[in-house]
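The values are calculated or read from the model by the stated rules, or taken from the named source; none is laboratory data. Being a predicted model, the structure only gives us computed values, none of them experimental. So basically every Cβ, Gly included, is an ideal-geometry build from the backbone, and we count neighbours across all protein chains shown. Surface areas here come from the heavy atoms of the whole protein model, side chains and all, with no ligands, DNA or RNA. Shrake-Rupley method; radii C 1.70, N 1.55, O 1.52, S 1.80 Å.
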Amino acid sequence: MPQRPTSSLAACVWIPLFPLRCEEARREGLATHPTALLAPDLSRKLWQVSPLARHAGVRAGMTVSQAIGPCPTLWLCEPDPVHYDERFARLLAALNEISPVIESGELGLAYLGTDGLEGIFGPPEKVVKAIECVVRGAWCVRIGWGRGKFAAWVAASRAKPGEAIIVSPQGEKKFLAAQPIAVLPLDPDTHRRLRQLGIRTLGALAALPEEAVTAQFGAVGRKLWRLAAGHTVEPVVGGVAPEPIVAALTFFTPVGERDLIERALDQLIARTLKDPRRIGWRVQAVRLRAELEGGGDEGGSRGAACCAPTYRSWLADILLKDPTADGARVAAPLRTRLEQAPPAGAVTRLVLELTAFAPGTTELQLFARDAVAAARAGQRRALESAAREILQRVKRTCLYHVIEVQPWSRLPERRYALIDYEP
C-alpha cells in the first residue's frame, strides 16, 4: 500500500455544530430562532442545540418534553445524516485545493498539512488567508495554525467565529500554558482528578515533573503532560483517497419491512463485490445510505406537536474488524445496525458504498480476474509464494512460461514452447 503523506505543520479548520449549521444553511430564517437538532437514532433526544436555545436553558441530551418547558418557541429539526456527510465531503474537497495532506475528524473538523506551502502561498498568514478564501463563503469557520495537530486545534478552539489564530513555534509554549486543561483529550474521571489536585491550566500541568504525572495517571498521564508541555508534535496524516465502489437500488414504492431491505442489501453487496475494481482486494469499510419517504420537506418544526414523524435520511458507517471479501461477513454488521437502529420511515432508495480496502490474501491476488487490480494487489508476490509452495510439496516446478519460438510455422507445436517459471 502507498505510504501516507504526513506534515508536522498543521492548520485546523473547525465548524462547531456542523450538522446544525447545515440545516441553517438550507432553511431560510432558521438561524434567527432557538433551534435544536434531534439525535439520529430512536431516542428522540436533542443532539445539537443552537446558542439561542442554549441561552433559553435547552441542553443537548434533553428529551423533547424537557426542552419545550423552558423554551416553548423551540424549533425542532429532524436529522439528515446523509446530507451532513455530503456537505462535509464537499468541504474536504474544497480544502484539498489548498493542501493534498488532509486528515478529517468529526463532522466539521479537519486538519491540513502545511509543510511546503510557504513556497506557494508565503508565510502562515497567507496560508490561512487562502484557506479562508476557500471555505468562508459558505461557513463561518474557526481556523488555527500551529506546530502539530494539538496546537492547531487549541488555536482553533480559542478563535472567535470567522477568525483565525496563528501560534508561532517560538510562542507555542507561552500560548499553551494559558489554556484550560479542558482542551486536552480527557475522560471525565481524569478531568475531575486534575481539578481536585488544583490543576486548571496546561501550564500548571506542565510545571509538574513528568515522572510524577506518569506515576499518578499512567501512560495517559505521560501523553497529556507531553501535549501540555509542547513536547509532542502530532503530525497530520493524510489519507490515500480510496476509489469507492457504489451500487444503488431505487424502490418503485417505499419499503418499510426490514426483510425486504435486507434482501435489497444482499443484492447490493453481491453487485459491489463483483465489480472488477474490487477483485484482489478485501473490503475494510462500508457505508449504507437510505433516502426515506417524505425527505423533500424543507420546513422546520415548531414545538413538540409539530415535530416531523420521520427522518429524511439514514446512514450507517461500518469499519470491519477483519477485512473480508465474503458477502455474508460484509452484511453481518449492517444487518445488526438495521436491527438495532432501523430507519425511522419507509426507504425509497438504498445506496451501498465500499469506501476502503485492504490488500487481498495470496489466493485472492493469485486468482484475480482483473489484471490491473491483480497487479496492484501484488500478483507477482503471490505467484512467487505459490511457486515456492508447489516446489516444496511436489519437489518440482509445475508452472511454465509460454513463449513464441517459430510463429511462422504451420505446426502449432513448433510455434510455442514451454519453459519453467522461476520467480
### Task
Among the residues of the range 79-130, write down those that are open to solvent by 60 Å² or more (accessible area, probe 1.4 Å) and of a type in the set (Phe, Trp, Tyr).
PHE121
### Query
Being part of a strand (DSSP E or B), under 30 Å from GLU353 (Cα atoms) and open to solvent by less than 50 Å² (accessible area, probe 1.4 Å), is that true of even one residue in the range 160-171?
no
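Quick grid of which residues meet (1) closer than 16 Å to LEU315 by Cβ; (2) in contact with a Phe, Trp or Tyr (Cβ under 9 Å, 6 or more places away or on another chain); (3) touching a residue at least 12 places away in the same chain (Cβ under 8 Å):
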position	(1), (2), (3)
THR73	no, no, yes
PRO79	yes, yes, yes
PHE88	yes, yes, yes
VAL101	no, yes, yes
LEU107	yes, yes, yes
### Summary
Screening ALA285, ALA264 for residues that are surrounded by 15 or more Cβ atoms within 10 Å (Cβ to Cβ) and farther than 21 Å from GLU86 by Cβ leaves only ALA264
### Elements of type helices (runs of 4 or more DSSP H) in the range 188-241, at least 2 residues being open to solvent by less than 20 Å² (accessible area, probe 1.4 Å) and more than 16 Å from ALA178 (Cβ to Cβ)
188-196, 210-229
### Task
Take the residues in the range 29-56 that are in a loop (DSSP other than H, G, I, E, B) and within 30 Å of PRO342 (Cα to Cα), then tell me which one is farthest from the chain's Cα centre (by Cα).
PRO34
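For the condition in the same structural domain as GLN267 (by TED's automatic domain parsing), among the polar types (S, T, N, Q) and modelled with pLDDT under 75, what is the one hit in THR362, THR355, THR336, THR348?
Exactly one of THR362, THR355, THR336, THR348 is in the same structural domain as GLN267 (by TED's automatic domain parsing), among the polar types (S, T, N, Q) and modelled with pLDDT under 75, namely THR362.
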### Query
When only residues in the range 18-28 that are within 24 Å of the chain's Cα centre (by Cα) and of a type in the set (Asp, Glu) count, which is most open to solvent (accessible area, probe 1.4 Å)?
GLU24
### Task
Take the range 90-99 and flag every residue that is touching a helix residue (DSSP H, G or I) at 6+ places or on another chain (Cβ under 7 Å) and free of Cβ contacts under 8 Å to residues at least 40 places away in the same chain.
GLU97, ILE98
